[in-house]
Amino acid sequence: MAQFSIAHSTKGTKKVLRGIEIAYDDVGSGPSVVLLHGFPFNRSMWREQVEELRQNHRIIVPDLRGHGESAVTPGPATMESMALDVAALLETLNISRATIAGLSMGGYVALAFYRLFPLRVRSLVLADTRPQEDTEEAKQAREQQAEKALKEGMEGIADAMLPKLLSPETVAERPEVVRRVREMIVGTEPEGAASVLRGMAVRKDNTSFLSRIIAPTLILVGSKDALTPVADSELMHREIGGSRLRIMEGAGHVSNLERSEDFNRELVKFINDVEA
């Protein structure tokens with residue numbers, strides 16, 4: 001199995017799946033857990049979670065299409081296409097069922113995966129995400145952001161996104177987290193970012209689907225998440241029967257980095273309870 005990339009420059013394993021090259025890490029042994037990153041990040045955002053979980057689990061961490069070391073594809077990179085990529089990866093790795101965990105856009109992909117393959121989901125983790133589709137205003141904003149990325153690169157995107165992604169306290173007091181998030185953003189190919197932005201703009205509204213989710217579900221959210229506020233997670237908690245909601249105090253949108261110890265504790269407890 002590939003060694004996990006502590007620095008993202010370390011090459012992971014790559015496979016051609018569904019006609020495109022997908023990079024991923026596959027570490028540890030035991031029940032399988034798939035970690036799906038947000039936009040415009042890469043699999044290195046899960047470093048702390050991998051180190052915690054790999055002791056007792058097999059962890060699969062892909063770069064979703066358009067991100068990291070995975071291929072950029074023409075046209076919108078839809079949430080369904082990413083979910084199909086994940087399914088193809090699991091099939092090649094002989095994994096029939098797994099915990100599927102996603103943060104932000106990764107949560108959109110996790111929901112798409114559940115819609116397509118409910119029997120392959122042992123349990124579901126939805127972090128700092130939401131079920132609603134984009135408003136018309138949000139769709140227009142994504143298109144403007146896509147054009148900006150293509151014309152000007154990712155530096156400006158990083159400048160605009162960072163204050164929304166992280167809590168004010170993180171921005172002021174934790175330069176290492178700010179630097180790490182910024183490096184992931186500027187390391188994303190502009191063409192990949194544009195493709196994914198356009199894919200997120202056309203995603204389905206999953207609100208009415210939530211009540212059909214029967215897999216054990218953990219919902220995690222930063223108390224200061226400005227992009228997918230606590231209210232969005234409370235909605236999911238109400239609609240998904242038997243789900244757990246845990247709020248990461250003081251964290252913004254990237255709660256797994258801002259409050260990694262709290263995030264890991266809740267994640268490990270949930271997975272262990274499901275497997276008990």
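Each value in this text was obtained by applying a stated rule to the coordinates, not by laboratory testing. Predicted model, so just to flag it, every value in this text is computed and none were measured. Note that each Cβ is placed from the backbone with ideal geometry, even for glycine, and that neighbours are counted across all protein chains shown.
Out of SER123, THR228, ALA160, whose Cα points farthest toward the positive end of the dipole of region 13-275 (charges: +1 Lys, Arg; -1 Asp, Glu; placed on Cβ)?
Toward the positive end, the furthest listed residue is SER123.
If the viscosity is 1.306 mPa s and the temperature 10 °C, what translational diffusion coefficient in µm²/s does Stokes-Einstein give for region 1-147 when Rh comes from Kirkwood over Cα pairs?
103
Peptides 182-192, 77-87: what's the order by average Cβ count within 10 Å, highest mean first?
Details: 182-192: 19.3, 77-87: 23.4.
By packing density, highest mean first, the sequence is 77-87, 182-192.
Given Cα pairs under 8 Å that are at least 6 residues apart, what percent is the relative contact order of region 81-166?
The value is 24 percent.
Explain nothing, just the number: relative contact order of the chain, from Cα pairs under 8 Å at least 6 residues apart, as a whole percent.
19
Would you work out the Kirkwood radius for the chain? I mean one over the mean of 1/r across all pairs of different Cα atoms, in Å. It would help to have the intermediate numbers written out before the result.
Working: mean 1/r = 0.0546 Å⁻¹.
Taking the inverse mean of 1/r over all distinct Cα pairs, the chain comes out at 18.3 Å.
So which GluC sites (Glu not before Pro) in region 199-276 pass both tests, a DSSP loop state and at most 13 other Cβ atoms within 10 Å of the Cβ?
GLU249
On a 29 Å Cα-Cα criterion, which of the cross-link pairs LYS14/LYS224; LYS224/LYS269; LYS164/LYS204; LYS14/LYS164 come out too long?
LYS14/LYS224; LYS14/LYS164
So what is the 222 nm mean residue ellipticity for the chain from helices alone, if each DSSP H run of at least 4 adds -39500 (n - 2.57) and you divide by all residues, rounding to the nearest 500 deg cm²/dmol?
Taken over the chain, the calculation gives -13500 deg cm²/dmol.
Along the charge dipole of region 13-275, Cβ charges K/R +1 and D/E -1, which of HIS37, ALA98, GLN55 sits furthest on the positive end?
ALA98
For region 158-244, what does the relative contact order come out to in percent, with C-alpha contacts under 8 Å and a separation of six or more?
Result for region 158-244 is 30 percent.
Modelled label-to-label distance, ARG18 and LYS164, 7 Å Cα→beta-carbon offset: nm?
Distance between the two pseudo-spin positions: 2.6 nm.
Mind putting a number on the dipole of the chain about its Cα centre? Charges go on the C-beta only, +1 for Lys and Arg and -1 for Asp and Glu, and I need it in Debye to the nearest 20. Kindly include the intermediate steps, with their values, before the conclusion.
Details: 34 positive and 39 negative charges, 146 e Å.
Dipole magnitude for the chain comes out near 700 debye.
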